[in-house]
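Everything on this sheet refers to the single structure shown next.
The values are calculated or read from the model by the stated rules, or taken from the named source; none is laboratory data. All of these numbers come straight from a predicted model, not from anything done at the bench. Cβ: placed from backbone, ideal geometry, glycine included. Neighbour counts: every protein chain shown. Areas reflect the complete protein model, heavy atoms only, side chains present, ligands, DNA and RNA absent. Shrake-Rupley method; radii C 1.70, N 1.55, O 1.52, S 1.80 Å.
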Amino acid sequence: MSQQNANLTAAEWDVMECLWEHAPLTGREVTEKMREKCGWSRSTTLTLLSRLEAKGAVSGDAAEGKKAFRPLILREDAALQETEDFLGRVYKGSLHLMVSAMTRKQSLSQEEIDELYALLKGLEADKDA
């Protein structure tokens, strides 16, 4: 799968989530799922699929007269790109500022603190290796 930066809009994320969970899907199947989830019309969903194809985020392969859509980017890659974009835009690239802001407004459970500590210790061990 591609690892390019697709810069997904919120609506495109909804379509991608559908495809990440259920691909391959025909345009009709995506349309039905998005109508149920978001109340979107057929034209809205097909427009979003077309935009995602143009961005290289999905492929639409025609077989037996039906076009089946599947994601070309991994969810994890798209999420990482979104996180990096958010961090750069809102916190000027400072992970420290983001974590500080998040923990000041919301208290962490001991389990979350332990998970963060384990993550940091693992990163430190990887750095030393």
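Some notes on this structure:
- Helical runs assigned H by DSSP (4 residues or longer) give the chain a calculated mean residue ellipticity at 222 nm of -21500 deg cm²/dmol, each run adding -39500 (n - 2.57) before division by the residue total.
- Close Lys pairs in the chain, defined as Cα atoms under 28 Å apart and 8 or more places apart or on different chains, number 13.
- Beta bridges from DSSP with both residues in the chain: antiparallel share about 90 percent, rounded to the nearest 5.
- C-alpha center-to-center spacing [the stretch 46-86, the stretch 96-114] in angstrom: 33 Å
- A probe of 1.4 angstrom, applied to the heavy atoms of all protein chains, finds ASP85 with accessible area near 50 square angstrom.
- Surface calculation, 1.4 Å probe, protein heavy atoms: MET102 sits at approximately 100 Å² accessible.
- Rounded to the nearest 10 degrees, the inclination of helix 95-105 to the longest alpha-carbon principal axis of the chain is 90 degrees.
- For the chain, modelled as a GNM whose springs connect Cα atoms under 10 angstrom apart, the maximal fluctuation among SER109, SER43, SER59 occurs at SER109.
- Probe 1.4 Å - accessible area at TRP40, Å² to nearest ten: 50 Å²
- For a paramagnetic label modelled on LYS67 (point 7 Å from Cα along Cα→Cβ), amide N atoms under 15 Å away belong, within the stretch 32-51, to 32, 42-51.
- Accessible carbon and sulfur surface of the stretch 1-74 relative to its total accessible area, %, 1.4 Å: 48 percent
- Using C-alpha pairs under 8 Å with a sequence gap of at least 6, the mean separation divided by the residue count of the chain gives a relative contact order of 25 percent.
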